[in-house]
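Enquirer: Here it is, the structure in full.
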There are 2 protein chains.
Amino acid sequence: MAQTNIRGQSREALGDMDPLPSWNDTGPKKAIIAFITKTTKDGSAEFVPPAERVAVFDNDGTLWCEQPIPVQLFFALDRVKALAPQHPDWKTREPFASVLKGDLGTALAGGERALLELAAETHAGMSAVEFAQIVRDWIATAKHPKTGKRFTEMAYLPMLELLAYLRANAFKTFIISGGGIEFMRPWAEQVYGIPPEQVIGSSIKTQFELREGRPVLVRLPELNFYNDKDGKPVTINQHIGRRPVMAFGNSAGDKEMLEYTQGGTGARFMLLVLHDDAIREYAYGPALGLPDAKLGAFTQAVYDQAQKEGWTVVSQKNDWNQVFAS
Amino acid sequence: MAQTNIRGQSREALGDMDPLPSWNDTGPKKAIIAFITKTTKDGSAEFVPPAERVAVFDNDGTLWCEQPIPVQLFFALDRVKALAPQHPDWKTREPFASVLKGDLGTALAGGERALLELAAETHAGMSAVEFAQIVRDWIATAKHPKTGKRFTEMAYLPMLELLAYLRANAFKTFIISGGGIEFMRPWAEQVYGIPPEQVIGSSIKTQFELREGRPVLVRLPELNFYNDKDGKPVTINQHIGRRPVMAFGNSAGDKEMLEYTQGGTGARFMLLVLHDDAIREYAYGPALGLPDAKLGAFTQAVYDQAQKEGWTVVSQKNDWNQVFAS
């Protein structure tokens, strides 16, 4: 039914076009379309006024690939290498020393603390404008080690279609990520169509300063907010001030965001992306006989909760006919 | 030139209508219209793409009356009275004891610290949804002591016209206030046409909890962020992620926001509201021979800076032909 060329088509013909061509005609696609239909049709018992149509998306593993490690960690590792000449002490200080030796396992053995230290020392000290430019330069050239694609090319095509479909139905789409807010903003608009003011993530503190007489915001090596788990509803309220109607995630870090969305009155839609496609992407979801230890993993517990609560679970393998655009 | 009834007017006639009828045809109105014209006209050397059309507004004293004390302080005082039966210790504890005796001078002698204590104990403990309802109930009935109007009726008509004019020209309007973010959101959309996600203010911390099995955000008696002075550029960056093109304020608390706006490249517009109309509102601005001591006052120093930097200063007395809607 999909048209290859929509130019010159009548409105009716366009209305018949498949809004989610990369989704198979299985349960999740049907559930999404049924939800959009009932919440946007005037006179429907579950109609949601346009102003309240808020849809929130996790980023890593929900909108783009987060394996073998989250993209921002690749960025931080590259920053360590680039900045090493200015930091001779890193040669003997963890986690920097192991990063410089190429021993990622040891570098990350320190867990969240090691990650925060990497972020603080490589993401701070410059102005917000300078940092955005560093991110832009990096993301324009850095490549995924397995596919050789640019990271932005590893956004999930079905999710890009979904974002466009929601916006065409007057839903406002937001990112609610554990990743850095200022790491995502420089490219989120181009890749996802989500403007900076709708991108929310973890943040470090910034400080207003006059540098050479010009007002700038300087990034400080100090965590402001870690936007994961029960932090996600907090920033949703802080930044949006409305309870979302739809929420999309892929891991235990999204559990509270989905619960908070579900807890509102009226129609609600919650969805988890299950990574079970080792050929086209990575298989690391639950029910695959894998240990729950992976960072930010979609755990068995949150999978069980989804089943119990009626959240939609999308199998990459079965429900998507294409994963990436190219 | 203003039409009393726009129905049936041709597009040309509407185009000629005065977008700012409560503004006299003096410098500030001319400056605003000239700025909007040059930044929105395709092909203009100073054209600003729609996505970058961000305009930020202080609230107290810029969009609505802040005298004799800020509206939120009236709210806090009423909350102290309403909650006093549950807090017997307040009878002997400052600043509550003085509030309950009606001695505002002594209550506020503790300055910012006293204000924060009042806010923390009267604005916390409940869920975000419950707090919004408390605000809604209060603002629907509370009256200004001098005019007898509801506080929302004391929004400045010229500024309401300005907000509508900017939005008609694809500017996105934001509030950047020292006032409480969750105090403003319940009524800002109705009064100013500014949705919750574009209202930014001071905040206390909230915590995600399950209460009787339902997920809620509970307000904690702990300051999260005080959104004044050099805090304003910080939250502008945090929430919007773009440098504003236009900024509107009325006091020393807005100085850094105006500097930050001015510091961007391309066309910029900065404006300060000068309160010099004792008959229609209050006269407490600079150059009036008044002391600089008033809370949040538009000081002589920021007035001098406006003159020097070419920021537009609006005299309520000379530049507005009407202050309030009724």
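Enquirer: Where the label is 7 Å out from Cα toward Cβ, how close does B:Thr106 come to the same position in every other copy, in nm, shortest first?
Expert: 6.8
Enquirer: What per residue convex hull volume, in Å³, comes out for the protein assembly as shown when only alpha-carbon positions are used?
Expert: Hull volume over Cα atoms, normalised by residue count, gives 200 Å³.
Enquirer: Next question. Where the centroid of each part is defined by its Cα atoms, how far is the range B:216-245 from the range B:166-185 in Å?
Expert: 13 Å
Enquirer: Which of the aspartates and glutamates could a cross-linker span from B:Lys205 if the Cα-Cα distance has to be under 19 Å and same-chain partners fewer than 8 positions apart are dropped?
Expert: A:Glu222, A:Asp228, A:Asp230, A:Glu256, B:Glu112, B:Glu117, B:Glu121, B:Glu130, B:Glu182, B:Glu197, B:Glu222, B:Asp228
Enquirer: Also, I was wondering about something else. Going by average Cβ density within 10 Å per residue, which order do the peptides B:197-208, B:237-248 take, highest to lowest?
Expert: By packing density, highest mean first, the sequence is B:237-248, B:197-208.
Enquirer: Follow-up. Treating the angle as unsigned and between 0 and 90°, give the value, to the nearest 10°, between the Cα long axis of helix A:300-309 and the longest Cα principal axis of chain A.
Expert: Helix A:300-309 sits roughly 30 degrees off the main axis of chain A.
Enquirer: Something else now. Averaged over peptide B:260-266, how many Cβ atoms belonging to another chain are found within 10 Å of each residue's Cβ?
Expert: Going residue by residue through B:260-266 and averaging, the value is 2.
Enquirer: Same structure again: Could you list B:Val48, A:Val314 in order of exposure, starting from the residue whose Cβ has the fewest other Cβ atoms within 10 Å? Walk me through the intermediate numbers first.
Expert: Details: B:Val48 22, A:Val314 28.
Listing B:Val48, A:Val314 from fewest to most nearby Cβ atoms yields B:Val48, A:Val314.
Enquirer: Would you mind ranking A:Lys143, B:Lys172, B:Lys232 by Cβ crowding within 10 Å, fewest neighbours first?
Expert: Ordered from fewest to most neighbouring Cβ atoms within 10 Å, A:Lys143, B:Lys172, B:Lys232 come out as A:Lys143, B:Lys172, B:Lys232.
Enquirer: Are there any chymotrypsin sites (Phe, Trp or Tyr not before Pro) in the range A:47-119 that are in a DSSP loop and have at most 15 other Cβ atoms within 10 Å? List them by number.
Expert: A:Phe47
Enquirer: OK, next. If you rank B:Tyr303, B:Tyr260 by fewest surrounding Cβ atoms within 10 Å, what's the result? Kindly include the intermediate steps, with their values, before the conclusion.
Expert: Numbers: B:Tyr303 18, B:Tyr260 25.
Ranked by crowding around the Cβ, least crowded first: B:Tyr303, B:Tyr260.
Enquirer: Something else now. Angle between the Cα long axis of helix B:157-168 and the longest principal axis of chain B, 0 to 90 degrees, nearest 10?
Expert: The helix B:157-168 is inclined about 60 degrees to chain B.
Enquirer: Another question, if that's okay. For chain A, just the Cα atoms, rotate onto the principal axes and tell me the three extents in Å, largest first.
Expert: 64, 52, 41
Enquirer: Note the distances from B:Lys38 to each other copy's matching label point, with points 7 Å along the Cα-to-beta-carbon direction, in nm, sorted shortest first.
Expert: Label point to label point, same position, other copies: 5.5 nm.
Enquirer: Now for a separate question. Around B:Lys308, under 13 Å between beta carbons, what's the net of Lys plus Arg minus Asp minus Glu among the other residues?
Expert: On the way: positive: B:Lys255; negative: B:Glu259, B:Asp304, B:Glu309.
So the surrounding residues net to -2.
Enquirer: Now for a different question. Would you tell me which residue of chain B has the beta carbon closest to the rotation axis bringing chain B onto chain A, and how many whole Å away it is?
Expert: B:His239, 3
Enquirer: Let me ask another. With axes computed from alpha carbons, what is the tilt in degrees of helix B:111-123 against the longest principal axis of chain B, rounded to the nearest 10 within 0 to 90?
Expert: 80 degrees
Enquirer: Looking at the range B:44-101, which trypsin sites (Lys or Arg not before Pro) are in a loop (DSSP not H, G, I, E or B) and have at most 11 other Cβ atoms within 10 Å?
Expert: Those that pass, being in a loop and sparsely packed, number zero.
Enquirer: Please work out the Cα center distance from the range A:16-60 to the range A:129-159, rounded to the nearest Å.
Expert: Using only Cα atoms to place each centre, the spacing works out to 28 Å.
Enquirer: Show that you can apply the helix-only estimate: for the protein assembly as shown, add -39,500 (n - 2.57) for every DSSP H stretch of four or more residues, divide by all residues, and state [θ] at 222 nm to the nearest 500.
Expert: Computed ellipticity for the protein assembly as shown at 222 nm equals -10500 deg cm²/dmol.
Enquirer: Amide H neighbours of A:Phe324 under 5 Å, counting only residues 5+ apart in sequence or on other chains, H built in-plane at 1.01 Å?
Expert: For A:Phe324, the qualifying residues are A:Leu157.
Enquirer: Sticking with this one: Give me the net charge of B:Met257's neighbourhood, meaning all other residues with Cβ under 11 Å from the Cβ of B:Met257; Lys, Arg count +1, Asp, Glu -1.
Expert: Summing Lys/Arg as +1 and Asp/Glu as -1 gives -2.
Enquirer: Would you kindly work out, in nm and rounded to one decimal, the distances from the label point of A:Met17 to those of the same position in each other copy, ordered shortest first, with label points 7 Å along Cα-to-Cβ?
Expert: 3.5
Enquirer: Just add up the charged neighbours of A:Arg79: K/R +1, D/E -1, any other residue whose Cβ is under 13 Å from the Cβ of A:Arg79.
Expert: Details: positive: A:Lys81, A:Arg219; negative: A:Asp78, A:Glu117, A:Glu121, A:Glu130, A:Asp137.
So the environment of A:Arg79 carries a net charge of -3.
None of the figures in this text is laboratory data; all of them are computed from the coordinates on show. Just so you know, these numbers come straight off a predicted model, no measurement behind them. Cβ sites come from the backbone with ideal geometry, for glycine too, and all protein chains shown count toward neighbours.
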